[in-house]
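Each value in this text was obtained by applying a stated rule to the coordinates, not by laboratory testing. Keep in mind it's a predicted model, so treat the numbers as computed, not measured. All Cβ positions, glycine included, derive from the backbone under ideal geometry; neighbour counts span all protein chains shown.
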Amino acid sequence: MKKTKVEIHVPSTWVKYKPSLCKGCFAGCCTLPVVVTAEELYHLGFLKYEEVTGPLKPHVEKLKKKKIIKSFNSRTKLFTLYQHPNNDCVFLTKERLCSVYDRRPFICREFPKNSKRPGFCPNQKFQKDSEK
Ligand code: SF4
């Protein structure tokens with residue numbers, strides 16, 4: 001049977017998720033937009049407690065300048081984390097590991113149950129420079 005190439009932004013090409021897929025994966029899920037609450041930014045250490053309980057808009061520019069977030073939705077009060085030009089999450093390391101794993105946002109903990117194609121993920125093997 002012909003295999004379809006996995007395209008990160010085309011969920012119909014994703015593969016059925018099983019935990020063993022994470023080993024050696026290039027962390028494609030960490031190149032998708034990550035939406036977080038102010039409380040999560042507090043737990044990550046980027047907002048103080050009193051900032052979470054007050055108006056959020058005044059902190060948006062500061063968080064953007066620090067390249068922690070790329071946008072804020074004032075209607076939903078949700079922030080989207082900053083992504084590097086190649087779409088990698090701001091917290092993804094060169095080794096393609098999460099640098100805030102113990103405090104990672106809920107959306108990351110729940111993936112791929114909550115993905116654009118629930119139960120499927122954009123799994124691809126992580127090729128080290130030496131393997132390219
Ligand atoms: S916070 Fe961590 S788990 Fe979530 S997308 Fe970023 S690197 Fe991946």
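Here is the list for the stretch 1-60: trypsin sites (Lys or Arg not before Pro) lying in DSSP coil, each with at most 13 other C-beta atoms within 10 angstrom of its C-beta, are Lys2, Lys3, Lys5, Lys23, Lys48.
Dividing the convex hull volume of the alpha-carbon atoms in the chain by its residue count gives 127 Å³ per residue.
Determine the calculated [θ] at 222 nm for the chain from helices alone, applying -39500 (n - 2.57) to every DSSP H run no shorter than 4 residues and normalising by the residue count; nearest 500 deg cm²/dmol.
Computed ellipticity for the chain at 222 nm equals -4500 deg cm²/dmol.
Converting phi to 3J(HN,Hα) with the Karplus coefficients 6.51, -1.76 and 1.60 and the offset θ = phi - 60°, the stretch 28-36 yields x, 4, 8, 10, 8, x, 10, 9, 10 Hz in sequence order, with x at every glycine or proline. For Phe91, no residue whose modelled amide H falls within less than 5 Å of its own remains once neighbours fewer than 5 places apart on the same chain are excluded.
Please tell me which of these pairs span more than 31 angstrom C-alpha to C-alpha: Lys65/Lys94; Lys67/Lys125; Lys62/Lys94; Lys16/Lys57; Lys23/Lys70; Lys64/Lys94? Long pairs (Cα-Cα over 31 Å): Lys16/Lys57.
If R0 equals 41 Å, the separation of the Cβ atoms of Glu95 and Asn73 corresponds to a calculated FRET efficiency of about 0.85.
Close amide H contacts of Lys70 (hydrogens built in the peptide plane, cut-off under 5 Å, sequence separation of 5 or more or a different chain): Thr80, Leu81, Tyr82.
Estimated from the Cβ-Cβ distance and a Förster radius of 35 angstrom, the FRET efficiency linking Lys62 and Lys16 is about 0.25. Under 5 Å from the amide H of Gln124 lie the amide H atoms of Phe26, Ala27, Gly28, each residue being 5 or more positions distant or on a separate chain, with H modelled from the backbone and absent for Pro and chain starts. In this calculation the C-beta distance from Lys113 to Val52 is compared with R0 = 30 Å, giving a FRET efficiency of 0.70.
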